[in-house]
Structure formats: structure tokens, C-alpha cells
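The values are calculated or read from the model by the stated rules, or taken from the named source; none is laboratory data. As the structure is a prediction and not an experimental result, all values here were calculated from the model. Backbone-built Cβ (ideal geometry, glycine too); neighbour counts: all protein chains shown. What goes into the accessible areas is simple: the full protein's heavy atoms, side chains included, and nothing from ligands, DNA or RNA. Shrake-Rupley method; radii C 1.70, N 1.55, O 1.52, S 1.80 Å.
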Amino acid sequence: MKYDVVVVGAGIAGPIVARNVAREGYSVLLIDKKPAIGAPKQCAEGITINVFKNYDIPYDKRFINREIYGAKLYSPSGYELEMRYKDVSGVILERKVFDKMLAFYAARAGADVLVRTEALDVIRENGRIKGIKAKHEGKPIEIYAEVIVAADGVESTIARKAGINTYTPPHEFDSAYEYEMLIEGFDPDLIHLWFGNEIAPRGYVWVFPKDEDRANVGIGINSDNPKTAKYYLDKWLKENNIPAKKLLEINVGLVPVGGFVKELAKDNVVVVGDAARQVNPMHGGGMAEAMKAGTIASKWIVKALEEENLELLKNYTKEWWEKDGKRLERVLKVRKAVEKLTDEDLDVFIQVLSGADAEKIAGGDYTEVIKALLKNPKVLMSKRRIALLKELL
Ligand SMILES: Cc1cc2nc3c(=O)[nH]c(=O)nc-3n(C[C@H](O)[C@H](O)[C@H](O)COP(=O)(O)OP(=O)(O)OC[C@H]3O[C@@H](n4cnc5c(N)ncnc54)[C@H](O)[C@@H]3O)c2cc1C
């Protein structure tokens with residue numbers, strides 16, 4: 001088999017790259033080891049509304065479970081901060097349909113798609129990478145390509161086999177555990193997030209409604225914690241008298257929350273999405289970041305093929321780091337400061353912020369935070385908190 005581009009992984013990043021490159025008339029093969037694209041999901045399925053317009057994805061009700069109008073945050077002692085908007089701010093997807101449709105859009109744009117096809121290694125000839133070795137329905141196959149895209153998710157192997165350094169220390173991953181379950185009593189128009197060092201160390205518990213009484217209920221914690229994410233989630237459910245008896249799915253996974261890959265393209269191989277650790281380290285959302293990076297990567301793949309100059313692929317590394325890498329490193333710095341907050345700090349900050357204009361804060365307007373703090377000078381009477389605030393702002 002020979003293609004201009006082979007894309008390994010049909011999650012989010014892979015199909016975006018495959019679609020964009022195929023649209024420009026190049027031959028593309030998109031492969032995934034799963035027998036059915038999108039299943040099982042490893043996701044809470046929440047995404048901002050902007051992605052549909054920004055990445056040219058149809059707003060198709062077949063993969064939108066529920067429209068969301070904001071978020072509600074809960075402090076360790078139960079103080080609440082509600083951010084409710086007039087318009088839809090995000091959606092809870094059905095990833096089993098969404099991922100499959102993204103691959104379908106790639107196929108419609110001209111890409112070939114093969115499922116149950118697992119990339120095993122790269123093919124090297126005379127010191128150059130010429131393609132990949134894979135297993136299709138159990139049989140070995142060889143796929144030759146000018147460009148190889150490693151979009152194979154958090155456990156990515158292909159970039160590493162191609163010599164790209166994707167090593168991330170264990171501390172830079174969160175462990176996530178989630179039930180899709182029947183759950184009642186939460187406003188189904190909002191996502192709900194609970195914070196606290198005893199509730200979810202370094203992370204949070206989430207309820208992302210898919211229905212009036214069905215939601216993804218999950219947790220993310222630091223992966224080097226001696227206790228498991230399941231332990232903390234089950235404890236939270238019990239303490240809140242939420243019966244976990246109507247479970248429709250259990251999903252587990254690792255979320256990279258740091259360790260962004262420095263070199264995103266080497267020779268004719270590019271790495272994108274979770275494989276490149278392109279995830280927002282504050283909340284662990286990676287779908288929008290995968291789409292962003294996939295868009296930049298596909299632009300440079302097309303240019304490199306047009307000009308028959310694979311050196312141009314290096315511009316993907318440059319552009320991503322300038323546009324998004326620097327931004328995510330700033331977010332990581334803020335997250336590391338947030339990690340130091342005690343439960344008492346979290347209680348105080350959520351109380352203080354509940355009096356502020358939450359819509360502006362959500363939009364990144366930190367002057368609102370300062371205004372709210374000045375209205376509550378007691379918060380600033382601790383040297384430690386002032387030092388933390390300096391790190392945060
Ligand atoms: C529990 C949990 C909840 C999450 N919730 C959210 C959320 O609400 N919102 C959000 O934005 N993000 C969320 N994330 C993160 C999000 O799921 C990922 O960031 C996103 O899926 C990354 O997309 P990707 O295309 O890089 O990788 P993936 O979606 O992981 O896709 C990689 C694909 O590659 C395939 N693959 C792997 N190896 C091979 C191989 N050797 N050969 C062929 N195919 C291969 C896999 O089968 C898979 O289909 C969550 C993650 C977890 C674990």
C-alpha cells in the first residue's frame with residue numbers, strides 16, 4: 001500500500017488531519033486499531049461550542065447529547081459558584097458517534113479508512129522512515145507513505161518508534177475513572193465540578209449531564225497517588241448518598257496534564273493530540289486542543305507535499321509552540337499554583353468569587369478576581385495567600 005499520508009489513530013486529532021489533507025487532493029489512509037471507531041469512549045465528552053465553527057464540524061444532533069449553559073463549582077465545604085450564560089456555552093457529545101463521524105468526514109473528503117488496523121512499528125530503509133508496519137485483522141501489512149502522523153493517543157508508540165521524544169514523567173498524568181449512570185438532582189443545563197484535597201487530589205469530581213437524569217460522573221486525580229481514582233469517586237458518591245446502582249458504562253484512562261512534546265515533527269513524522277500531550281493542564285480537556293494542533297499540522301503537511309520539501313513540517317512545531325504551547329505552559333504554571341491551595345483556601349476563594357461577575361472571569365478577565373478580592377480584604381491577610389495569588393495572576 002502506498003499513500004501520501006498515513007494517519008495512525010482515529011480519535012479526534014487523526015480524523016481532522018486526514019480530512020484536511022485529503023480535501024487538498026492528497027492520498028490519505030486513516031487507521032485505527034479499534035473495530036468500531038469511538039468505542040469504547042475514554043472521555044467525559046464535554047466540549048466548548050466554538051469548535052464547530054472553528055474547525056468546520058457540522059452541528060449535528062446525532063452526536064450532541066445535551067447543550068450546556070455554563071458550570072457550577074463546589075468548594076470542599078459546599079460553597080457554590082454558578083456561571084450560567086444566556087446562550088449555549090458547550091455540549092456533551094456522544095463520542096462513539098462523534099469520532100466515527102469525524103472519520104466519515106475524512107472518508108468523504110477522499111481519505112481511505114481502515115479499522116482493526118494496528119500500527120506496530122515504522123519501516124526504515126537506508127536510514128529513512130518510509131512508512132509503517134501494521135496488523136490488519138490479524139494479518140501483517142506494510143503501508144508506505146511520504147508523511148506519517150502519530151495521532152495514537154496518550155499511550156502513543158509510533159512517535160517514539162520514529163525517534164521523537166514523548167517521555168512524560170508519571171507525575172504529569174492524571175488518572176481518570178468515570179461512570180455513565182443514572183443520576184438525579186443536578187441541574188442538567190450545567191456541568192458540575194467539585195474541588196477539594198480530600199475529594200479529588202489535584203483534580204475534581206465532575207457530573208456532565210447527557211440527559212435530565214443521566215450523566216458522565218467521573219474523577220481525575222494525580223496518577224502517582226497511592227489511592228486509586230475509583231476509590232475517591234466511590235467515596236464521593238457514598239458521602240453524597242448517590243446510589244451507584246444504575247451504571248451504563250465504566251471508563252478509565254490517563255490524561256496528560258503537562259509534559260508537552262518539544263519536537264512535534266522529525267523528518268517525515270509528526271505527532272499530534274494526546275500523543276503530543278496537547279491537553280489543557282488545568283481541566284484535562286484535550287479535544288479542542290487536538291483539533292487546534294491537527295489544524296496546524298495539516299496546514300504544514302499540505303505545504304510540505306505541495307513544495308516537495310519535508311523540512312517545512314518543522315514549521316508545525318514552531319507555529320504550535322508560538323500559538324498554543326506558550327499559552328498551555330502559562331496554564332500549567334497556574335495549575336501548579338492552584339495545586340498548593342488548601343481546602344480552606346478553596347472555600348474562601350469560591351465564596352469570594354461567587355460575588356463577582358462569573359461570566360467575565362470565565363472569559364479570562366482577572367480584573368474581576370482582583371475586584372472581588374478587594375471587596376473581601378480579609379482573604380489578603382495571609383502572606384501565603386498573597387504569594388499564591390501572585391503566582392496565579
Ligand atoms: C476519563 C476521561 C475524561 C475526559 N474528558 C474530556 C472532556 O470532557 N473533554 C475533553 O476535551 N477531553 C476530555 N478528555 C481528554 C480527551 O479524551 C483526549 O484529550 C482526546 O480524546 C485526545 O484526542 P486524540 O485524537 O489525541 O486521541 P484519542 O482520542 O485517544 O485517539 C487515539 C486513537 O488512536 C488509536 N490507536 C492507538 N494506538 C494505535 C495503534 N498502534 N494503531 C492504530 N490505532 C491506534 C486509538 O484506538 C484511538 O482511537 C478526557 C479523558 C479521559 C481519560
Review point. Can you pull out the residues in segment 341-363 that are modelled with pLDDT of 90 or more and open to solvent by 80 Å² or more (accessible area, probe 1.4 Å)?
Key: Glu344
Practice item. Could you look through segment 98-112, keep only residues that are under 19 Å from Ala39 (Cβ atoms) and open to solvent by less than 50 Å² (accessible area, probe 1.4 Å), and pick out the one that is farthest from the chain's Cα centre (by Cα)? Key: Ala107
Review point. Can you find a residue in segment 51-63 that is in the same structural domain as Leu93 (by TED's automatic domain parsing), open to solvent by 40 Å² or more (accessible area, probe 1.4 Å), under 25 Å from Gly218 (Cα atoms) and within 12 Å of the ligand (Cβ to nearest atom)?
Key: no
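Hey, can you tell me all the residues within segment 226-236 that are within 16 Å of the ligand (Cβ to nearest atom) and either farther than 26 Å from Asn280 by Cα or open to solvent by 30 Å² or more (accessible area, probe 1.4 Å) (or both)?
Applying the first criterion (within 16 Å of the ligand (Cβ to nearest atom)) to segment 226-236 yields 228-234, 236.
Once the filter is applied, which keeps residues that are within 16 Å of the ligand (Cβ to nearest atom) and either farther than 26 Å from Asn280 by Cα or open to solvent by 30 Å² or more (accessible area, probe 1.4 Å) (or both), segment 226-236 yields Thr228, Lys230, Tyr231, Asp234.
Can you tell me which residue within segment 39-50, out of those that are of a type outside the set (A, V, I, L, M, F, W, C) and either open to solvent by less than 20 Å² (accessible area, probe 1.4 Å) or out of contact with any strand residue (DSSP E or B) (no Cβ under 8 Å at 6 or more places or on another chain) (or both), is nearest to the ligand (Cβ to nearest atom)? First the steps, then the outcome.
Taking segment 39-50 as the starting set, the residues that turn out to be of a type outside the set (A, V, I, L, M, F, W, C) are 40-42, 45-46, 48, 50.
If we keep only those that are either open to solvent by less than 20 Å² (accessible area, probe 1.4 Å) or out of contact with any strand residue (DSSP E or B) (no Cβ under 8 Å at 6 or more places or on another chain) (or both) as well, we get 41, 45, 50.
Numbers: Lys41: 8, Glu45: 5, Asn50: 12 Å.
Top of the filtered list is Glu45.
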Check your understanding: Which residues, counting only those in segment 248-272, are under 21 Å from the mean Cα position of the chain (by Cα), away from the ligand (no atom under 15 Å from the Cβ) and assigned to a loop (DSSP other than H, G, I, E, B)?
Key -> Lys262, Glu263
Point to revise | From the options Glu45, Glu67, residue that is at pLDDT 95 or above, of a type in the set (Asp, Glu) and on the phi > 0 side of the Ramachandran plot | key: Glu45
Check your understanding: In the list Asp343, Asp365, Asp347, which residue meets the criterion of being under 23 Å from Gly46 (Cα atoms) and more than 16 Å from the ligand (Cβ to nearest atom)?
Key -> Asp365
Check your understanding: How do the strands (runs of 3 or more DSSP E) wholly within segment 85-139 filter down when requiring 2 or more residues that are more than 28 Å from Phe52 (Cα to Cα): which remain?
Key -> 117-125, 128-136
Review point. Which numbered condition trips up Gly153, out of (1) part of a strand (DSSP E or B); (2) in contact (Cβ under 8 Å) with a residue 40 or more places away in the chain?
Key: (1)
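Determine, yes or no, whether Glu306 is acidic (Asp, Glu) and away from the ligand (no atom under 15 Å from the Cβ). Steps first, please.
Numbers: acidic (Asp, Glu): yes; away from the ligand (no atom under 15 Å from the Cβ): yes.
So Glu306 fits the description; yes.
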**Study point:** All positions within segment 282-330 that are open to solvent by less than 20 Å² (accessible area, probe 1.4 Å) and out of contact with any strand residue (DSSP E or B) (no Cβ under 8 Å at 6 or more places or on another chain)
**Key:** Glu289, Ala290, Met291, Ala293, Gly294, Ile296, Ser298, Val302, Trp320, Asp324, Gly325, Leu328
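Looking only at segment 1-38, count how many residues are closer than 24 Å to Pro140 by Cα, of a type in the set (A, V, I, L, M, F, W, C) and more than 8 Å from the ligand (Cβ to nearest atom). Give the steps one after another, and end with the answer.
Keep residues of segment 1-38 that are closer than 24 Å to Pro140 by Cα, which gives 1-11, 14-15, 18, 27-38.
Adding the requirement that they be of a type in the set (A, V, I, L, M, F, W, C) leaves 1, 5-8, 10, 18, 28-31, 36-37.
Add one more test, that the residue is more than 8 Å from the ligand (Cβ to nearest atom), and what stays is 1, 5-7, 18, 28-30, 36.
So the answer is 9.
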**Study point:** Only one of Ala297, Ala288 that is out of contact with any Asp or Glu (no Cβ under 7 Å at 6 or more places or on another chain), within 12 Å of the ligand (Cβ to nearest atom), farther than 24 Å from Tyr144 by Cβ and modelled with pLDDT of 95 or more
**Key:** Ala288
**Study point:** Filter pass, Ile141 being out of contact with any Cys (no Cβ under 6 Å at 6 or more places or on another chain), free of Cβ contacts under 8 Å to residues at least 60 places away in the same chain and surrounded by fewer than 22 Cβ atoms within 10 Å (Cβ to Cβ)
**Key:** no
Check your understanding: Among (1) of a type in the set (Asp, Glu); (2) open to solvent by less than 50 Å² (accessible area, probe 1.4 Å); (3) away from the ligand (no atom under 15 Å from the Cβ), which single condition is Glu80 missing?
Key -> (2)
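Would you point out the residue of segment 159-172, among those that are out of contact with any strand residue (DSSP E or B) (no Cβ under 8 Å at 6 or more places or on another chain) and in a helix (DSSP H, G or I), that is most open to solvent (accessible area, probe 1.4 Å)?
Keep residues of segment 159-172 that are out of contact with any strand residue (DSSP E or B) (no Cβ under 8 Å at 6 or more places or on another chain), which gives 160, 165, 167, 169-170.
Still in the running and in a helix (DSSP H, G or I): 160, 170.
On the way: Arg160: 135, Pro170: 82 Å².
Applying the filter and picking the extreme gives Arg160.
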